[in-house]
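Computed from the coordinates by the stated procedures, all read-outs in this text should not be read as laboratory data. In this text, all values refer to a predicted model and were calculated from it rather than measured experimentally. Note that we place each Cβ from the backbone using ideal geometry, even for glycine, and neighbour counts take in every protein chain shown.
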Amino acid sequence: MEHLNESKRYHDEFVKGIWKENPVFIAVLGLCPALAVSNTAINSLAMAAATMFVLICSSILVSIFRNVIPKEVRITSFVIIIATFVTVADFTLQAFVPKIHKDLGAFIALIVVNCLILGRQEAFAFKNNVKLAAVDALGMSLGFGFALFCLGAIREILGNGSLFDVHLFGPHFEPWVIMILPPGGFLSLGFLLLFFNWFKVRQQQVKAKQEHIEQFNPIISLNSKG
Amino acid sequence: MELSQESSPSPLRLIMTLGIAGFFSGLVLVSVYLSTLPIIEANKAAALKEAVFLVVPGCKSFKTLVMRGKKLVVQTNEGNTKQEKKKDAAEKIFVCYDDTDKIIGFAIPGGEPGFQDLIKGILGYNADQKIIIGFEVLESRETPGLGDKIMKDDTFRANFKALAVEPEITVVKPGTREANHEVETITGATISSKAVIRLLQKSMTRWRPVIADWVASQN
Amino acid sequence: MDNLFWIFISAMVINNFTLSYFLGLCPFFGVSNKIATAFRMGLANIFVLVITALCSWVLNTFILLHAPYLRLISFIIVIASSVQFVEMAVKKLSPALFKALGIFLPLITTNCAILGFALFATNKGYGLIEGLIYALGAGAGLTLALVIMAGIREETKILDIPEVIQGTALNMIIAGILSMAFMGFAGLFITS
């Protein structure tokens, strides 16, 4: 029984980051990288991968040393750990995929100040064991990646008529250029959030209606008889 | 002061923790830096080589030239002061040779404010015939679909195959090019194309005299 | 001189940190409820940016030339601690100024606008004077964006807006439209 509970816990911590507590769509964290580099799908994925590397590595490390680090200097320690991994990611990208590194520019280095990463260390990794911290970090970074990919794909399809540089609509497609420019970032995220809100409200309405029908069902059936 | 149940750790312990964290972080950083540095340098050199070969067709090898006083000299890696190094990084051009070691042109990098941000480019210049033989944009944030035509428009790019720099490079409206020293702007990218032309003009004013001196000193 | 003016205007409106680089979005959405608060937040940003410009210039010139791999770590730590240090000094010397800016300083010491500024200034190879002008321009740009955003949000509070769109979605869309408006500044410096 205990074992079952435990595996359910892992499952919950993993899944929550992807949807229920999605860092971009629900918690609205890490906006700066999410909007700045999501003008193409490939850039989004590169950013998501770099963030995932940094988040998972730092979470594991912070969790291992959580009993050693005095809480007075925890934030400073987190920052040192995160900055180290970000620099590693920065150099690695620069060495092996220079083109992507050039496109992302300083935004790779700016992963350091992504509130999502510091937030997870403070709220989760510092209080939980290594396995849980890793699972939480994996879920969160997948959620972040999912959000980034949605934004990147939408912006690239509308703004350039392509996905992963593959043109989708033929030569007569007039690209909606604004979508790959900065305003497109704000607008796409705005409309996505709007859609989620609408969906949530809609679901609540449907649920309320159903409850209403169930509650008054006898009367309705009576009425229809009469 | 707040009374806490737990005894707070001594300042020494705090400093120790940060010190150890810093030490290991430094260790990791140095090793990653040293192991990726050769690859990064190689990438940069390859990108530079590609750009130079692109703007000076037929180029087989090139040397870096930097300013010392008012004269161009071939850059050497030793004996440079800190200031000279800094200046060299900001301002240098490349002299290109064909396979018989004959000078066939110069590649000159430059930058100029465009529509959105600096447009950085590199141009190829043939000092014998006084013509520009090639131009490539290296970096720009010009509007996709409009300003970025400076990189994509073939008619515009064809201007730089053999553009005379004498009497001087002049801007003309699309479809009105008559002389060999005129460049047509692009419809829908007037500002960006003018910025490119201004980049060429400024580079030429800056470098033509010193290049002429240098070529004369070589013979 | 020409160049310095271009750096200033470019950082302030053409390449506005918030609306075109998405830097400093946390205060942009978080502290833009009232114009007065937004303005003070903007001033605090300028203050921190100027300190950052000084710090990053010192680091770049004297230390990072020999150890570029320490850039990120040293930027963060040095900027954060020097801002704290200046904060203490301001508290002592000018309580009025501290009262106006004080509560914002810890919030922005390590936000992305500040670190982003240090990295951009480094990438662009700016010297001390250029860096300071760039800091002033970027700060003025942040303030401008914040105040405009706060102005619009004050208006939206008294409007009848459907519940679905309220909150972050509305702010995002306003920011998108503002960002579009700021695109109009592009090409400002092309004469002839």
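The residue list A:88, A:113, A:18 was ranked by how far each Cα lies along the charge dipole of chain A toward its positive end, using unit charges on Cβ atoms, and A:18 comes out on top. Applying 1/(1 + (r/R0)^6) with R0 = 60 Å to the Cβ-Cβ distance of residue C:100 and residue B:217 gives a FRET efficiency near 0.45. What does the charge count around residue B:141 come to, taking other residues whose C-beta lies under 10 Å from its C-beta (Lys +1, Arg +1, Asp -1, Glu -1)? Its environment carries a net charge of -4.
This ranking places C:183, B:67, C:149 by how few other beta-carbon atoms lie within 10 Å of each, fewest first, which gives B:67, C:183, C:149.
Say R0 is 51 Å: what FRET efficiency, to the nearest 0.05, do residue A:72 and residue A:49 get from their beta-carbon distance? All intermediate terms of the calculation are to be shown ahead of the outcome.
Details: r = 34 Å, r/R0 = 0.66.
Efficiency, rounded to the nearest 0.05: 0.90.
Within chain A, what is the longest stretch that has no trypsin sites (Lys or Arg not before Pro) placed in a DSSP loop and near at most 15 other beta-carbon atoms within 10 Å?
Values: sites that count: A:20, A:127.
That gives A:21-126 as the longest site-free run.
Screening chain C for whole DSSP H helices of 24 Å or more along their axis (Cα) with average Kyte-Doolittle hydropathy at least 0.0 returns C:35-62, C:71-93, C:128-157. Amide H contacts for residue A:163 (H built 1.01 Å from N in the peptide plane; partners 5 or more residues away or on another chain; cut-off under 5 Å): A:168. Extending 7 Å from Cα along the Cβ direction at residue C:166 and again at residue B:178 yields two label points whose distance is 6.8 nm.
Given the C-alpha atoms of segment B:56-218, compute the convex hull and give its volume per residue in Å³. Walk me through the intermediate numbers first.
Values: hull volume 19.4 nm³, N = 163.
In segment B:56-218, the Cα convex hull volume per residue is 119 Å³.
Across segment B:47-60, coupling constants 3J(HN,Hα) worked out from phi with the 6.51/-1.76/1.60 Karplus curve, θ = phi - 60°, read 5, 5, 4, 4, 5, 5, 5, 6, 8, 10, x, x, 5, 10 Hz, and Gly and Pro carry x. Distance between the C-alpha centres of segment C:53-81 and segment B:24-89: 22 Å, rounded to the whole angstrom. For segment A:83-226, the average shadow cast by the Cα convex hull is 16.1 nm², which is a quarter of the hull's surface. Here segment C:57-96 is scanned for amide nitrogen atoms under 20 Å from the site 7 Å beyond the Cα of residue B:34 along Cα-to-Cβ, giving C:64-73. Among complete DSSP H helices in chain A, those whose alpha-carbon atoms stretch at least 27 Å along the helix's long axis and whose mean Kyte-Doolittle hydropathy reaches 1.0 are A:41-64, A:74-96, A:130-160. Average 1/r across all pairs of distinct alpha carbons in the protein assembly as shown, invert it, and you get the Kirkwood radius: 27.5 Å. Between segment A:70-123 and segment C:143-192, the alpha-carbon centres lie 30 Å apart.
When the GluC sites (Glu not before Pro) in segment B:1-108 are filtered for DSSP coil states and for at most 15 other beta-carbon atoms within 10 Å of their beta-carbon, the remaining sites are B:2, B:6, B:78, B:91. Of all DSSP-defined beta bridges confined to segment B:56-218, some 90% are antiparallel rather than parallel. Along the axis of the charge dipole computed for chain B (Cβ charges of +1 for Lys and Arg, -1 for Asp and Glu, origin at the Cα centre), the listed residues B:66, B:16, B:170 are led at the positive end by B:66. Taking 7 Å steps out from each Cα toward its Cβ at residue C:128 and residue C:188 produces label points 2.8 nm apart.
Here B:125, B:33 are placed in order of increasing Cβ neighbour count within 10 Å, fewest first, which gives B:33, B:125.
Quick one: which of A:102/B:82; B:70/B:92; A:71/A:127; B:161/B:202 span more than 21 angstrom between C-alpha atoms? Walk me through the numbers on the way to the answer.
Values: A:102/B:82 27 Å; B:70/B:92 13 Å; A:71/A:127 11 Å; B:161/B:202 18 Å.
Violating the 21 Å Cα-Cα cut-off are A:102/B:82.
Once backbone amide H atoms are built at 1.01 Å from N, residue B:68 has B:73 as its partners under 5 Å, excluding neighbours fewer than 5 places away on the same chain. Please work out the FRET efficiency for the pair residue A:27 and residue A:191, using the Cβ-Cβ distance as r and a Förster radius of 22 Å; give the result to the nearest 0.05. Computed FRET efficiency for residue A:27 and residue A:191 comes out at 0.75.
How would you classify chain C from its alpha-carbon gyration tensor, with a ≥ b ≥ c the square roots of the eigenvalues: rounded for a/c under 1.5, else prolate if a/b is greater than b/c, otherwise oblate? The shape class here is oblate. Assuming charge only on the beta carbon of Lys and Arg (+1) and of Asp and Glu (-1), the dipole of the protein assembly as shown about its Cα centre is about 800 debye to the nearest 20.
For a quick check of your reading of the filter: which chymotrypsin sites (Phe, Trp or Tyr not before Pro) in segment C:6-100 sit in a DSSP loop and have no more than 10 other Cβ atoms within 10 Å? Show your work: numbers first, answer last.
Values: sites: C:6, C:8, C:17, C:21, C:22, C:28, C:29, C:39, C:47, C:57, C:62, C:69, C:75, C:85, C:98; in loops: C:22.
Qualifying residues, ordered by number: none.
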